[in-house]
Amino acid sequence: MRKFFLGLVALLAVIVATIFYLTQDANRFKPELEALIVEQTGVPVKIEGDLAWRLWPPMLLTAEKLSAEHEGRNWQLGRLALDIDVMTLIDGFDRWRVQTLTIDDLTMEEGGDRLELSHLKLEDFAIGEPARLTMALNYQPVDETAISLDLNGTVTYHTEPERYALDDMRFNTTDADGICSLAVQLNAEFVAPPQATDGLIPVDTFREYDWQGTCTLDRLTYDDESFADVLIVLDNDDGLSTNDISIPVFFEGTAEVHAVIDATTTPVRWTIEPKLENVDSQLLMTWLDQKLQWIAPLAYGGTLTMVGNTKKELLASVSGETQFDGGQGQINIAKIKQQLLRIAVLLNETDKVMALPDMWSYERMVGSWRIIEQHHQLDFALDNLTVIAEGDYNPETDNLDLLAELTFENDPALPLFDINPMLLNLPIPVRCRGALADPTCRIDDRAAQRVVASALTKSDSPLRAKLEEKIEEKVPEKYQEAAKALLDLLGGSRKKRSRED
């Protein structure tokens, strides 16, 4: 017993002596601490301010004015404070309990971008247990709008395997606010490439980590329009990411987007499946900054694919097909009237075209839109008008060059366009060029001449039949054959027959 007592006294003496030594000026340990950080993290850290600690409960470590330069990033830290439950130190690192970790005034600069973490506080942290996290930061990209972020929720860190869990994390940013739950796990099979590449998504992160989560957004703001109760479901497995976005109120309708991002390939492959239901088309056109007047309940859907990891690459590689249904509504047909007037002048019947309303009330408007990179094909029907268009659009220069064929039919079950009967079932070629939002469209003169000439020479052509009917009504009988022969001449068939003879 006496030996045990003497041993205990000796141990206490050593502890007291050690505490007395360590609680003196802690700044003299800066070189050792800086070397330890480099050894453990590979990041050279410079402690320029005061370093201090307190060993009696609670154990507290503070450091001021830390700086580091690593992989092109410049870090500056104003103050760090670490409060550890001293009674857990003897149980090993995996049993430590951090009562409070506080970081103030942390900045990171890279290539002109600046990240400012004004405050971070982690409370009651232990491995495998949820801890309270609060954070406020601001990110300022070069030549772009700053992004602010406030976080408040619980975070859990696990080892073997290494993984993180964010639960009921309330956040607020410049463009959104809501609550998220997210589980992130390190992909043990990930092999870092020699050099990371920049792009719209961090490809290495998609390959290095797996995650699953959901976010419910009270507010999502995009292009000055805010949407509520937005649900986002995220899943990433070995670089294959699926993302679902649901907006229950989208311009008086609903919107859904299913997006698959395949970061396992080079270049990155994207598949986007949008779906709109009962959307107010006029509100949507206004939001998209389009000048088209269109009042209808719009349905839209399909599949689009892209490759690349920059905006330019994605726009240049868009391919796929989508369909739309405008239900029953109204649409501005002023541009169509302009093309009809060019032909009506030749027929001396402009009154009918002028009498057509600019806002056409329709019963049917359906169509499809096919894209092969910059080549576009559009096929739609507006009541008795069908349009087949094909051409190119360069998104980089906003240059459109499209040739469309407008054909007016006479289905009595649908509203009829009151035009000259000779134009029924006759394809009218119209070429559109210029910016996508407001192109210049006009009848393609050469194509129109070929169409008219072909129609005049065909005995079953509606145009030929109408003209022959007019000849029989208006032209004396002895001149009717000559008049019909003139039609052949106008169509080029007389010349063709002469060559054959």
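The values are calculated or read from the model by the stated rules, or taken from the named source; none is laboratory data. The model shown is predicted, which means the values in this text are computed figures rather than measured ones. Methodologically, a virtual Cβ is constructed for each residue, glycine included, from the backbone with ideal geometry; neighbour enumeration extends over all protein chains shown. Side chains are part of the model used for accessible areas, which takes the heavy atoms of the whole protein and leaves out ligands, DNA and RNA. Shrake-Rupley method; radii C 1.70, N 1.55, O 1.52, S 1.80 Å.
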>> What number comes out for accessible area per residue over region 204-261 if the probe is 1.4 Å? Units Å², please.
In response: 51 Å²
> Considering only DSSP states other than H, G, I, E and B, which trypsin sites (Lys or Arg not before Pro) in region 229-294 qualify as loop sites with at most 13 other Cβ atoms within 10 Å?
Replying inline: LYS291
>> What's the magnitude of the charge dipole for region 252-381 around its Cα centre, counting Lys and Arg as +1 and Asp and Glu as -1 at the beta-carbon? Answer in Debye, nearest 20.
In response: 420 debye
>> From the C-alpha coordinates alone, can you work out the Kirkwood hydrodynamic radius of region 307-369, in Å?
In response: 15.0 Å
>> Calculate log10 I(q)/I(0) of region 317-414 for q = 0.11, 0.14, 0.24 Å⁻¹, where I(q) comes from the Debye formula with a single equal point scatterer on each Cα and nothing for solvent.
In response: -0.41, -0.65, -1.30
> For region 321-387, with every protein chain kept in place, what is the accessible area per residue (1.4 Å probe, Å²)?
Replying inline: 51 Å²
> What is the percent of Cα-Cα separations in region 196-281 that go past 14 Å?
Replying inline: 68 percent
> Hey, if we sort LEU406, LEU186 by accessible area with the 1.4 Å probe, largest down, what's the order?
Replying inline: LEU186, LEU406
> So what's the net charge close to ALA176: Lys and Arg +1, Asp and Glu -1, counting the other residues with Cβ under 9 Å from its Cβ?
Replying inline: -2
>> Using only the heavy atoms of the protein chains and a 1.4 Å probe, how would ASP392, ASP210 rank by accessible area, largest first?
In response: ASP392, ASP210
> If you build the Cα gyration tensor of region 251-347 and take the root of 5 times each eigenvalue, what three semi-axes come out, in whole angstrom, biggest first?
Replying inline: 34, 19, 11
>> Out of the total accessible area of region 196-239 (probe 1.4 Å, heavy atoms of protein only), what percent is carbon and sulfur?
In response: 49 percent
>> Could you report the accessible area of TRP270 in Å², rounded to 10, computed with a 1.4 Å probe on the protein chains as they sit in the structure?
In response: 30 Å²
